[in-house]
Every structure is written in structure tokens, then in C-alpha cells.
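What follows is a short report on a single structure.
Since every read-out is calculated from the coordinates, none of them should be taken as a lab result. Not measured: the values here are computed from a predicted model. Because the Cβ atoms are built from the backbone with ideal geometry, glycine has one as well, and the counts that use them run over all protein chains shown.
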Amino acid sequence: PLTTTGELISRAAAARSAVPAFNIITLEHVEAVVAGAEAAGAPVVLQVSENAVRFRHGRLLPLARAATAAAERARVPVALHLDHVRSDDLLRQAADAGFSSVMYDASHLPYDRNLAATRAAVGLVHAQGLWIEAELGEVGGKDGAPPLDAHAPGARTDPDEARAFVNDSGVDALAVAIGSAHAMTTRTAVLDHTLLARLGAALGVPLVLHGSSGVPDDELRAAVAGGVAKVNIGTALNIAMTGAVRDFLTTHPEVVDPRKYLSTARDAMVETVTRLIRALCARPAP
Ligand code: G3H
Ligand code: ZN
């Protein structure tokens, strides 16, 4: 059934576990994420990024309606989240389109401007009764940018700044930069667990890990043990989808029916979702 992100995150945070949030681009992503979560028997968040809305010619409803329909029929709880939003117009559409939460991303701005913009976004989003996440310190690799140098200023979240940012903005959760980067196609990210522990101790809100496709399973589990309650995964699905399509078309050059290669793509994404959810739920190595 359709549920809310706030509900899933509060339950996960209380249990020291995490909710996986998968980025959806096509209908096949939607179906695969729900099927994978059902196979793993775990709740999941379907998230639509502002980039994905742009790909849909700026229209939110086609994907939102598909995600809502899939969530309502799902055998596990499913919530809808709007991801990496910068546009106020999109923020205003969130609740009506069926989303229970939003990530507002002004992390590219200097601290004061990020705070001011985020505070305004919190007002808009809370007025709709929704949950909101923001970002401080920048997780690199967005919009095709190369991953930031993990040691560059701004590439890590400062715990004192983060405490002030959370208090002054009123956000419900914070995306933190602790060594992951977006769009990695190898799982080689090394997280700063000392920093994560300091952030966990400094902040009274759940933490969100972005760029989780590049983070190895054991590092993901350690991050959850350290206070990460929402794990954002996008690229891993696209690696599975594109790899399956590429293999299929190479071995079946005569095929023209898209259902043939989209089926293998969907199956590959189901497998990835199931495997990642199971890996997240497994106990960390002692
Ligand atoms: O907000 C989305 C995530 O941070 C996805 O990152 O595509 O590197 O897994 P990823
Ligand atoms: Zn992200």
C-alpha cells in the first residue's frame, strides 16, 4: 500500500535500520523497484528527481501517477518522494501529485544562501503537510559533474554547521557528504565513519546517504549502523537496465519489439533491487 516517507523513516530510525529509496525514470523502473521490494519483503521509497521530471518534458504527473498506482497495489509499504528539487514550482506540486516528501537541494550555494533557500522551502513543504530533507556539504557527481575531491572544502559536512543548519531551517532529515558521490559505476567509495559518528551525535534528525550505488555493501551497513536512515540508490538500477538491454540487443540483433529487451531490463533491475535491499537488511559483520 501507499504510505508516507515520514512514517517509514521514523520507524527505520527507531529500529536503527534504513529505508532504501530508488530513483525511477521509466515505468520499468517503477515496476522493478516494487517487485524487488516485494521479493525482499521490505518497504521502499520510489523517488523522482527534478532531472527525471525534466526528462519527462517538465511534467511530473505521468511518473507520479504510475508510481502511485504501483504503490497502492504493492504488497509492501511504498512511499513517494521528490528528489533533488531546486524549483519552487515543483515543490508546490508535490502533495497534489501524491508525494509525501521532498528533498530540497540548495547545497551548491554558500552556507547562508543554502540556509535561507532551505528555510523557505521548509515553509512551502510543511504547509502541504509533507516531510522535507535538505543537503549540507555537497555530495558530488550531480548532473554529470565529476565527483568532487573527497577532501575539498564543501565536499564534507561539518558537524557544527550541520547542527545550526538543522535547527535554523527546520528540516526533517539531512543529506550528508561523508565520502560518497553520485553516479559512480564502481562500488569503491570509502565513507568517513568518524565524521558520520560525529554527525549522528550532533544532529537530532535522521541522516540520508546519497550516491549509494558507489558504496560497497559492508560500508552501507556500517553507515546504517552509524545513523543513516534513508539510502538513495539510482545508478545501480541504470547499470542493470542498460547492461541487460545492451547484452540482449547484441545477441538478438533481429529483435524490434521493445517489450523483449525491456523485459530483460526490468528483470535485471528487480534482481538488483532485491539484492541491495537484502544486503542493507543483513547484520553488519562483527
Ligand atoms: O538522490 C539520488 C541518489 O543520491 C542516487 O545516487 O545514482 O549514485 O546511486 P546514485
Ligand atoms: Zn542524490
- [ ] Rounding to the nearest 20 debye, state how big the charge dipole of the chain is about its Cα centre with +1 on each Lys and Arg Cβ and -1 on each Asp and Glu Cβ.
- [x] 500
Task: Net charge dipole size for region 34-186 [Lys, Arg +1 and Asp, Glu -1 on Cβ; Debye, nearest 20] - done: 560
- [ ] With label points built 7 Å along Cα→Cβ from the Cα atoms of His193 and Thr251, find their separation and express it in nm.
- [x] 3.9
Open item on the list: Test of understanding: in a Gaussian network model of the chain with alpha carbons linked when under 10 Å, which of Lys260, Lys230, Lys142 would top the mean-square fluctuation ranking?
Closed with: Lys260
- [ ] Please build a GNM for the chain, connecting alpha carbons under 10 Å apart, and tell me which residue among Val215, Val255, Val45 fluctuates the most.
- [x] Val255
Task: Highest to lowest packing among 159-169, 3-13, 107-117, scored as the average C-beta count within 10 Å - done: 3-13, 159-169, 107-117
Task: Leading residue at positive end of dipole, region 5-281 (Cβ point charges), from Val228, Ala155, Leu130 - done: Leu130
Task: Candidates Thr235, Thr185, Thr157, ranked by Gaussian network fluctuation over the chain, Cα under 10 Å, top entry - done: Thr185
